[in-house]
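Data block below; observations after.
The values are calculated or read from the model by the stated rules, or taken from the named source; none is laboratory data. All values reported here derive from a predicted model rather than from experimental measurement. Cβ sites come from the backbone with ideal geometry, for glycine too, and all protein chains shown count toward neighbours.
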Amino acid sequence: MTIRNRLTLLFTAIVAVIFAAILTAIYLISLRYSEASFYDRLHERAIIASKIFLAKDQLSKERLFEFEQRFLEKLSHEVLEIYDEKDSTTFISKEEKLSFSKEELARIRMFKLVNFQKQERYVVGLYYQTQQQGSSEGNFVIIASAIDVVGTAKIARLRLVMLVSFFISLIITYLSGRLFAENALNPIKEVVTQVKEITDSNLNMRVFAGNSTDEIGILTQTFNEMLVRIQSAFDAQRNFASHASHELRTPLTAIIGELQILTTKERTVEDYKKGLQIALKEAKLLKTIIDDLLVFTRTNLQEDNFKETLRIDELLWEIQEEIIVRNKEAKLKISFHQMPENQDLLRIQGNKHLLEVALVNVIENAIKYSDNQEVSCTLNYEHHFIKITITDKGIGIPLYDLKHITEPFFRASNVRNYSGTGIGLALTHKIIDNHKGGLQIFSTEAQGTTVNIVLPTLKIEEEKVQEIF
């Protein structure tokens, strides 16, 4: 069932219940008023009979009829009966005699005034007592009864009008509710129409809902914010694919070009060696790019494999040995500050291999771009966080390149003479982020670069990482 139909039916049901309750209350009040009014007229007749006629001990049908014609409203099928203390009828205003049981007469004598209904006839019973002390003679039960033909007809007519009004109002309410629901949901239909027009080729489109302060406007604004994130992700993916294809094509082109030169004619052994060395260098570069791409891709697949517990200080010593093995001229100084007495506080939870890749990327960049000058790596323990600061005195990063430095395949404008793929810092940023840590880079061109890496120790919430920066 559509939302429009649900809203319509719900609106109709609510109005129907309220309207039915109001009509029922009106009907019951009208019915009670009609009955009370009719009982009052019967009571009036009984009082008149007791005060005027019985007081004179003289009552005839002719005088009663004459009095009714002159002073009282005529009631349908009216009968006035008077009973003595022996339950004998002493007066009947009509030829027909109604049958009242001894129990009914006794109840009238007990309660003095009784209103009740006998089949379709309304009955008022009045017990009239004389002023004589200690004598029951002259005490009578006066019963006035009639059929409320007019009142019953009015109530029946009112009931019919209410039923017809109720069903007509239901129809009007349903149609109005459907129109209301249609108008209320029109903005959603417009939003759906606009959303259907958005594809991967026009993610720059935005959804417009008119009123930005209502719920649909807030939903539209949230959807547009999501579109911005999706567009950024798509743009990053396109740029990644474009840069990846370009970076892969460059060494391949160099290898193919060099081999083609060697095969065009006979060369000397030295020329072949020189050409093969160039091809081998480009092949190694190609392998490095492919390896970095594989690691970059695997960081998404290994997010659930960060359950290993490791000591970050021990990892730094292992990285120092590995870097010295790779580059004999490298100078890496590792120092520790504010270390806790309990060395177990240096334990973190994560993926050791990926963390090693991230730290090696930063340290090797510092060594490479400082032309093998000494690089400082400092480890600090600060309130359940581990902060690693890597500082070099190299060529630095231009200010206008700094904000893009962690984008895949981006390389600063002053590193064209240095080999590299442009994936290292992007990969490092992704790894640190997956470990719920933080990465900050400060640099001044021609003076050096400082990289701060903050990692939470065991059982530290992600939000507290921001407090360190």
Condition set under 20 Å from ILE367 (Cβ atoms) and among the hydroxyl-bearing types (Ser, Thr, Tyr), scope the range 398-426, selection surrounded by the most Cβ atoms within 10 Å (Cβ to Cβ): answer is THR421
Please note which strands (runs of 3 or more DSSP E) are completely contained in the range 99-210 and include at least 1 residues that are crowded, with 16+ Cβ neighbours inside 10 Å and free of Cβ contacts under 8 Å to residues at least 24 places away in the same chain. 113-118, 121-128
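Checking the conditions here, which among HIS337, HIS384 is touching a Pro at 6+ places or on another chain (Cβ under 9 Å) and assigned by TED's automatic domain parsing to the domain that holds GLY437? Reasoning before the result, please.
Working: HIS337 fails: touching a Pro at 6+ places or on another chain (Cβ under 9 Å).
Matching residue, one of HIS337, HIS384: HIS384.
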With criteria (1) on the phi < 0 side of the Ramachandran plot; (2) surrounded by 11 or more Cβ atoms within 10 Å (Cβ to Cβ), THR213 comes up short on (2)
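For the condition under 27 Å from GLY420 (Cα atoms), basic (Lys, Arg) and within 42 Å of the chain's Cα centre (by Cα), what is the one hit in LYS352, LYS333, LYS307, LYS328?
LYS352 is the lone residue from the list that is under 27 Å from GLY420 (Cα atoms), basic (Lys, Arg) and within 42 Å of the chain's Cα centre (by Cα).
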Would you mind telling me which numbered condition in (1) modelled with pLDDT of 90 or more; (2) surrounded by 15 or more Cβ atoms within 10 Å (Cβ to Cβ) GLY350 fails? (1)
Considering every residue within the range 413-433, establish whether at least one is among the small types (Gly, Ala, Ser), touching a strand residue (DSSP E or B) at 6+ places or on another chain (Cβ under 9 Å) and either over 29 Å from ARG249 (Cβ atoms) or without any contact (Cβ under 8 Å) to a residue 60 or more places away in the chain (or both). no
Please go through (1) within 50 Å of the chain's Cα centre (by Cα); (2) modelled with pLDDT under 90; (3) part of a helix (DSSP H, G or I); (4) not basic (Lys, Arg) for MET1 and return the number of the only condition it doesn't satisfy. (3)
Among (1) small (Gly, Ala, Ser); (2) in contact with a Ser or Thr (Cβ under 7 Å, 6 or more places away or on another chain); (3) farther than 27 Å from PRO456 by Cβ, there is one condition ALA426 misses while meeting the rest; what is its number? (3)
When residues of the range 140-172 are limited to those that are in contact with a Phe, Trp or Tyr (Cβ under 7 Å, 6 or more places away or on another chain) and among the polar types (S, T, N, Q), the one modelled with the highest pLDDT: SER169
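Is one or more of the residues making up the range 311-321 in contact (Cβ under 8 Å) with a residue 60 or more places away in the chain, surrounded by 13 or more Cβ atoms within 10 Å (Cβ to Cβ), acidic (Asp, Glu) and part of a helix (DSSP H, G or I)? Write out each step before concluding.
The first filter runs over the range 311-321 and keeps only residues in contact (Cβ under 8 Å) with a residue 60 or more places away in the chain, leaving 312-313, 316.
From the residues that got through so far, the ones that are surrounded by 13 or more Cβ atoms within 10 Å (Cβ to Cβ) too are 312-313, 316.
Filter once more, so that each one left must be acidic (Asp, Glu): 313.
Within this subset, residues satisfying the condition of being part of a helix (DSSP H, G or I) are 313.
Scanning the range 311-321 turns up at least one residue that is in contact (Cβ under 8 Å) with a residue 60 or more places away in the chain, surrounded by 13 or more Cβ atoms within 10 Å (Cβ to Cβ), acidic (Asp, Glu) and part of a helix (DSSP H, G or I).
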